[in-house]
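Okay, so here's the structure we're looking at.
What follows is calculated from the coordinates using simple rules that are stated; it is not laboratory data. Worth saying up front: this structure is predicted, and the values here are computed from it rather than measured. Because the Cβ atoms are built from the backbone with ideal geometry, glycine has one as well, and the counts that use them run over all protein chains shown.
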Amino acid sequence: MYLLTFLLILLSYPLLFLMITPFILGPLTIYLGFRAYRRTTQARHALGGLGQLWAARAMLLAAASMIFQIYIINTQYHV
C-alpha cells in the first residue's frame, strides 16, 4: 500500500498540467496512505510515538504533496 501511494504521488506531478489531478489523485493518495497507516498500526499494537509517525509517512507526504500542487496551480496559472 505504501508503494502504491508513493507511485501515485510521483505520477501526479507530471500530470499537473491537467489542473484537476490534485483534486482527484490527492484525496486518493491520502486515503491509500491512511489505509497503509491503519494496517501498520493494527498489525503492531505497541508502536510508540515515533513508530506511529513513521507509519503515517505516506499519508503525511500525500497531504503535503496535494497542498503543494494546489499552491503551484494557484501561483503559476495567472489570467
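Here are the numbers for the structure shown:
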| item | result |
| --- | --- |
| Kirkwood-type radius of the chain, with distances r between different C-alpha atoms, in Å | 13.1 Å |
| Degrees between helix 57-76 axis and first principal axis of the chain (Cα, 0 to 90, nearest 10) | 10 degrees |
| Sum of side-chain charges, residue 32 neighbourhood, beta-carbon under 13 Å (Lys, Arg +1; Asp, Glu -1) | +4 |
| Relative contact order (%) - the chain, alpha-carbon pairs under 8 angstrom, separation at least six | 38 percent |
| Degrees, to the nearest 10: 21-43 long Cα axis against longest axis of the chain | 0 degrees |
